[in-house]
Structures are given as structure tokens and as C-alpha cells.
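Engineer: This is the structure I have questions about; it appears just below.
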Amino acid sequence: AVICLGTFMVKMKRQQNLENLYVNSIFIDKIGLSFNQFIVVSKDEKITIIETGFRNDFAALSENIASMGLNPENIDNVIVPHFEADEMGALPEILNVSKQKVKVYAHPICTFGLNDIFNARAKPVKDNEIISVFEGCSLKFIYTKHVHQWDSLVVYWIEQKILFSSDLFIQKGEFTGINNENCITEIIASIHKDNYLPSHNHLNHALDKIKENKIDIIFPMHGSGLSNHIDFYIDSLKELTF
């Protein structure tokens, strides 16, 4: 995997064909946490963004997209996993810069806020709904209600077997690409330190739904990508005590 350190974007590479996936990661040293945005690009260079990042960071994100030879004006789809500043804050800037008729997807509860505050015309997705944003990128939306917030969902890229897990499976520290080592200690330490998972029952229900899908890589909103131990991570979180 290519390493991403600090405030810039790199192309992710591994044995499978991931030439159209980029990760933008901003590390905030004061809190020891990275904030990741995921950029998926079609053959005609239309851009889908999962997680917008903070509003004040969009200028850097836009520059980083351009530095990869892509055009921010081609942002075509935006996916907001839940209504929180780091997940949806830059949406107004995206809507302003894009020359496309941007489609915004979110949980029905989240769309109310996005449409009221940003006039985003966001489209509510159903639990387990699959939307093809372009050929080879079919995204499945999985509700994870009350795992972090009541409008939470995660996104599963079917063809590539990638889970964009939002605030599940997060780790402290910088984004360092895809980590093939066992990171369960870091994942659990992050949960215990911040106490950010409010409901064990809802967590288990969400993890059961996630496990129904064949997952090769997890990309959380915070921390590095995860591979090789996916079932173990899920089972370990199910056994977690608070």
C-alpha cells in the first residue's frame, strides 16, 4: 500500500485493481486523529466522494484532487454517512465548485438536515439499498442506527469488497495505507478512550449486518485501512464490554 501522511492525497494500490480509489487524509496532531475522505473515480473521471471532511478543509481537499490530475468540478456524487461536521461539513463547497448535478446520498434522517441547512436536495437511501454510481462501482448502504448517531450508515463497495465504515473500526494516529497486521488493540483502545459507542445491542446488530458481506478491506473515517483480520475485528467488537 502507498502511505499517506499529513494533509495530502495519494492513490491507493494493492494487488487488486484499485487505480480509481484515492484517499485524502488530514491528521490533527492535537487530538492524535486522522480524518479521511475517499474519492472514487469513474473511467470518464466523474468523482464520487464518501465523507466530505470539514468545511474549512475543502480548499486543501480540492487542491489535492487537482494534484492527482482530476478536476473538482467533476464531483458527481457525495455520500454522507451521518450528520456530523467531519462527515458533511464541506458539502456546500462541493455543491458550489462542481459543474455536475451533484447527487447526495444519506440516511433519511440525515437528509432532512442536509436539505434544510444546505439545500442539498439529498436523496434518502433505504437500508441495504444498492446504487450503481458508475460501471464497476455498486454501493450498498447499510444502516448502523445508534452505533454512533441515529442516522448512521456505512457503505459497502460490492465489486471491490471494500467497507467504508465511517466511525466503526477507527484507530488513533495517522493514515498509513492498508494495514495487514492485527490492529484490534488499537481499535478497542480508541473506543475505550473516547467512549463513543453508546449502545452495545445496536452495535451487535450493525456488526451482524456488516458481516453478511464479504469484506476484503475496511476503510474507516479515522485511522488506517484494515485487511486480513476482518472477521476477527467484527467478532472482537461483538464481545466488547463497556
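Engineer: Let me spell out the model: positive unit charges on the Cβ of Lys and Arg, negative unit charges on the Cβ of Asp and Glu, origin at the Cα centre of the chain. What dipole size does that give, in debye rounded to 20?
Structural biologist: Numbers: 22 positive and 30 negative charges, 74 e Å.
Approximately 360 debye in magnitude.
Engineer: Related question: Sorting check: for 41-50, 159-168, 60-69, which peptide has the highest mean count of neighbouring beta carbons within 10 Å, and how do the rest follow? Could the numbers behind the result be given before it?
Structural biologist: Details: 41-50: 18.6, 159-168: 22.1, 60-69: 16.5.
Ranked by mean Cβ neighbours within 10 Å, highest first: 159-168, 41-50, 60-69.
Engineer: Taking 8 Å as the Cα distance limit and 6 or more residues as the minimum spacing, I'd like the relative contact order of region 113-186 as a percentage. Intermediate values should be presented prior to the final figure.
Structural biologist: Details: 79 pairs, mean separation 11.8, N = 74.
Computed over region 113-186, the figure is 16 percent.
Engineer: With +1 on each Lys and Arg Cβ and -1 on each Asp and Glu Cβ, and nothing else charged, work out how big the dipole of region 116-229 is about its Cα centre, in Debye to the nearest 20.
Structural biologist: On the way: 11 positive and 14 negative charges, 40 e Å.
Here the size comes out at about 200 debye.
Engineer: With every protein chain left in place, what is the accessible area of residue 150 in Å² (1.4 Å probe, nearest 10)?
Structural biologist: Only protein atoms counted, so the area is about 140 Å².
Engineer: How high is the relative contact order of region 35-175? Use alpha-carbon pairs under 8 Å, at least six apart in sequence, and give a whole percent. Please list the in-between numbers first.
Structural biologist: Values: 272 pairs, mean separation 25.0, N = 141.
In percent, rounded to a whole number, it is 18.
Engineer: Same structure, new question: Placing +1 at every Lys and Arg Cβ and -1 at every Asp and Glu Cβ, with all other atoms neutral, what dipole size does region 85-140 have around its Cα centre, in debye to the nearest 20?
Structural biologist: Details: 7 positive and 7 negative charges, 60 e Å.
Magnitude of the dipole: close to 280 debye.
Engineer: Which whole-number percent is the relative contact order of the chain (Cα, under 8 Å, 6+ apart)?
Structural biologist: For the chain, the relative contact order is 17 percent.
Engineer: Can I ask one more? Quick check: the distance between the Cα centres of region 50-73 and region 123-171, to the nearest angstrom?
Structural biologist: The distance from the Cα centre of region 50-73 to that of region 123-171 comes to 21 Å.
Engineer: Given 0.36 nm per residue, what is the gain on full extension from residue 185 to residue 100 after removing their alpha carbon distance, in nm? Please list the in-between numbers first.
Structural biologist: Details: separation 85, 0.36 × 85 = 30.60 nm, distance 4.27 nm.
Gain in length upon complete extension: 26.3 nm.
Engineer: Same structure again: Under 12 Å from a label point 7 Å along Cα→Cβ of residue 212: give me every residue in region 111-128 with its amide N that close.
Structural biologist: Answer for region 111-128: 127-128.
Engineer: State which entries of 123/193; 30/238; 43/101; 145/214 exceed 25 angstrom in Cα-Cα distance in the structure shown. Intermediate results must be reported in sequence, preceding the final value.
Structural biologist: Numbers: 123/193 35 Å; 30/238 30 Å; 43/101 18 Å; 145/214 21 Å.
As for pairs spanning more than 25 Å Cα to Cα, those are 123/193; 30/238.
Engineer: Within the set of other residues whose C-beta is less than 11 Å from the C-beta of residue 102, count the net charge using Lys and Arg as +1 and Asp and Glu as -1. Please report the intermediate quantities before stating the final value.
Structural biologist: Details: positive: 46, 99, 101, 103, 121, 123; negative: 73, 76.
Summing Lys/Arg as +1 and Asp/Glu as -1 gives +4.
Engineer: Tell me which of 206, 67, 136 sits at the most positive position along the dipole axis of the chain, charges placed on C-beta atoms (Lys, Arg +1; Asp, Glu -1).
Structural biologist: Value computed over the given set: 136.
Engineer: Now a separate question. Only sites in a loop by DSSP and with at most 10 other Cβ atoms within 10 Å count here; which trypsin sites (Lys or Arg not before Pro) in region 190-242 make the cut?
Structural biologist: On the way: sites: 193, 209, 211, 214, 238; in loops: 214.
Listed in order of number, the matching sites are 214.
Engineer: Give me the log10 of I(q) over I(0) for region 70-166 at q = 0.16 Å⁻¹, as the Debye formula computes it from C-alpha points; what are the numbers?
Structural biologist: Calculated log10 I(q)/I(0) at the listed q: -0.65.
The values are calculated or read from the model by the stated rules, or taken from the named source; none is laboratory data. Nothing here was measured: the structure is a model prediction, and the numbers come from that model. All Cβ positions, even for glycine, are placed from backbone atoms using ideal geometry, and neighbour counts span all protein chains on display. Remember, those area values only see protein heavy atoms, side chains included, never the ligands or the DNA or RNA. Shrake-Rupley method; radii C 1.70, N 1.55, O 1.52, S 1.80 Å.
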